[in-house]
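To keep things clear, I will list the structure first and then write my remarks on it.
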Amino acid sequence: MEHRWKKLLSYYKPFKKWLFADLFFAILGAAITLVLPLIVRYITTSVVYMQSKESIQIIIKLSIAMFGLVLVEAFCNFFIAYYGHIMGAKIEFNMRNEIFSHYQKLSFTFYDNQKVGQLMSRVTNDLFEISELLHHGPEDVIISIIKFVGSFIILISINEELTLVAFAFLPLMIIYAFYFNRKMKNAFKENRAKIADINSQIEDNLSGIRVVKSFANEDIELEKFHEGNNRFVRSKKRSYFYMGGYHSGLGALTTMITIGVISIGALLISKKTIEVTDLITFLLYINNFTEPVKKLINFTEQFQNGWSGYERFLEIMDIQPDIKDAKDAINMKDVKGNIEFENVTFRYEESNEEVLNQINLKVKEGEYIALVGSSGAGKTTLCSLIPRFYDVTGGKIQIDGTDIRRIKLKNLRDNIGIVQQDVYLFAGTIMDNIRYGKPSATDKEIVMAAKNANAHDFIMSFPNGYDTDIGQRGIKLSGGQKQRLSIARVFLKNPPILIFDEATSALDNESERVVQESLEKLAKNRTTFVIAHRLSTIRNAQKIIVLTENGIEEKGTHEELLAKRGIYEGLYNMQFKSRIQ
Ligand code: GTP
Ligand code: MG
């Protein structure tokens, strides 16, 4: 707990000066609010009874002074509102950077178990709540305490009875404000949850709009949406109910304090215990002690939200990336691409069944290996162990004789090119997307890579060529085109090791041939793993590996495996026959 506080306070460190300036002006502003009624009191009790000449002069002077003080107070309030918020925004900026760069470090295992929407809300909503707390918290507390204690001391020195009358209402006000504020904030929280539901529903619907339309399910979607939308209105109604209760009730209570003070004050005046000016002073101070009540109660709420946001923030920051550089990690030079799996066993963290069990495999540099096997056998998994997307749970993988866990992650991944099963293209132009393979690449290199990947022609057929903006997820491109773009990326990267996870969604024969051609060009002089779903594409592989639930069942060239009359022959015949039909 103490450690959490320390860390929280450490975010103020770069802004110490800002924080102190903020607090200074908060205190100054609060002091001025307390002083103004005192000046009024001085005028009404003393100055007005002086000789008229003298009193006029003093009144003019004091009026000017009061105008001046009001200007200073206005400046204080401006400073707090402007620079206070900027300080909050800068702290938020730092925290956001911190969490975003932490996100970049976390491994596949982490992302497998997370919803993107929730991870996003930690960066946006939670941090907003924290920064609100961090910059409003200290000043609110200080201003409230000064105003409350200050007005209490001033009033009690004027008249004790009337002070008790005025403050007698406060407990009621505190209970009322506390209750309604709690209800109101809970209702608002509920609202946010409901709007988040609506947002994710809209996102889901829009992302899947093609599926919606293909099933002609627009009506069902509308119905689902109406339901969520209705829930939102119901929740809003509730929150407005409490909001109405909160504001009207507190307004009434404040007015009641005024009336109470006036009534009792009038009685006291008629008994000659106090002067009219005392009563005026009291009235001028009422806001000064009712406002802190509202502010402090608001603060308790703000604190809860900010703190729970902060805990969610720490929750993420405390997750250690499970895949990171070892202390003595090395950089490899001139990687040749000999890869060896030694008794490799792997199981996904949240499951208790091994996907890979005791896998032994030796691949020599420049070799072209094809992995085949039924869906779910673990082909993608096996290949994702090489760049350490996941760490083996048993055994080891070596590249050129070095355990991959001893190689710096960046160095390791720089040496491996991957064309994934479903290609992800970033929002932006085609040029940007290819350049992702090598950020320093020149335009010329990019065109060269695209040519090698057989992508140049289709790119040039677009009106904007390489500057064509592809929608998010590259929806404007066909499956084969996307794969060729991602092959171009790898051409640009030019790594010694290559992993190609063939898309399961069948490409038509023509684009399959083009992709195949560019792949074979790319594979030249590189150690290549191809996960093949269409066996026709891998006849030329130097080694075909048949992977099943039981591990590597068969190994050999196309001809050898056919002659074996085993699993591979079965798979092959099945595809071959279905093609002929
Ligand atoms: P296809 O691509 O369909 O041909 O299958 P594949 O051979 O590439 O199978 P993959 O390696 O993707 O999956 C192997 C097994 O691991 C399957 O039983 C999956 O259900 C399981 N699996 C894959 N990814 C995950 C994951 O992130 N978590 C868990 N728990 N299991 C996974
Ligand atoms: Mg796969």
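The values are calculated or read from the model by the stated rules, or taken from the named source; none is laboratory data. Keep in mind that this is a model prediction, so the values were computed, not measured. Reconstructed Cβ throughout: ideal geometry from the backbone, glycine too, with neighbour counts over all protein chains shown. Just so you know, the surface numbers come from the protein's heavy atoms only, side chains and all, with ligands and any DNA or RNA stripped out. Shrake-Rupley method; radii C 1.70, N 1.55, O 1.52, S 1.80 Å.
Some notes on this structure:
- The chain - share of DSSP beta bridges that are antiparallel (%, nearest 5): 50
- Modelled this way, with points 7 Å down the Cα-to-C-beta line, the labels at residue 510 and residue 189 are 5.9 nm from one another.
- Cα convex hull of the chain - mean projected area over all directions, nm²: 38.5
- Compared with the direct C-alpha span, the chain from residue 563 to residue 58 gains 170.3 nm at full extension, assuming 0.36 nm per residue.
- Ligands, DNA and RNA left out, the 1.4 Å accessible surface of region 160-273 is 64% carbon and sulfur atoms.
- For the pair residue 336 and residue 389 in one chain, pulling the backbone fully straight at 0.36 nm per residue adds 17.0 nm over the alpha carbon distance.
- Over all orientations, region 529-580 has a Cα convex hull whose mean projected area works out to 3.6 square nanometres.
- C-alpha long axis of helix 443-452 to longest principal axis of the chain, angle in °: 40
- Region 1-121 has equivalent-ellipsoid semi-axes of 54, 13, 11 Å, by the square roots of 5 times the alpha carbon gyration tensor eigenvalues, sorted largest first.
- R0 of 30 Å, Cβ-Cβ distance residue 125-residue 241: FRET efficiency to nearest 0.05: 0.80
- Secondary-structure-derived ellipticity at 222 nm for the chain, considering helices only, amounts to -21500 deg cm²/dmol, per-run term -39500 (n - 2.57) for DSSP H runs with n ≥ 4.
- The largest accessible area among 403, 219, 322 belongs to the first residue in 219, 322, 403, and the rest follow in falling order (1.4 Å probe, all chains).
- Net charge dipole, the chain: roughly 660 debye, given to the nearest 20, about the Cα centre with Cβ charges of +1 for Lys and Arg and -1 for Asp and Glu.
- Among the listed pairs 364/396; 90/410; 438/521; 324/521, those beyond 24 Å (Cα-Cα): 90/410; 324/521
- Here residue 4 sits with roughly 60 square angstrom of accessible surface, probe radius 1.4 Å.
- Based on C-alpha pairs under 8 angstrom that are at least 6 apart in sequence, region 160-273 has a relative contact order of 51 percent.
- Over region 339-577: Rg over Rh, Cα atoms, Kirkwood Rh: 0.97
- Table column - 3J(HN,Hα) (Hz), region 195-201, Karplus curve with 6.51, -1.76, 1.60, x for Gly and Pro: 5, 5, 4, 4, 4, 5, 5
- Charge dipole (the chain, unit charges on Cβ, about Cα centre) - positive-most of 527, 321, 262: 262
- HN-Hα J in Hz across region 126-135 - Karplus 6.51, -1.76, 1.60, θ = phi - 60°, x for Gly and Pro: 4, 5, 4, 4, 5, 5, 4, 5, 5, 9
- Only Cα sites of region 160-273 enter the Debye sum here, all with the same form factor; the resulting log10 I(q)/I(0) across q = 0.15, 0.16, 0.19, 0.20 1/Å is -0.77, -0.82, -0.95, -0.99, listed in q order.
- Taken per residue, the accessible surface of the chain reaches 54 Å², heavy atoms only and a 1.4 Å probe.
- Computed on protein heavy atoms with a 1.4 Å probe, the accessible areas place 307, 5 in the order 5, 307, largest first.
- Extension gain (nm, one decimal) between residue 21 and residue 75, 0.36 nm per residue minus Cα-Cα: 18.2 nm
- Virtual spin-label span in nm between residue 225 and residue 153, 7 Å along Cα→Cβ: 6.1
- Highest mean packing comes first when the peptides 358-366, 60-68 are listed by Cβ atoms within 10 Å, giving 358-366, 60-68.
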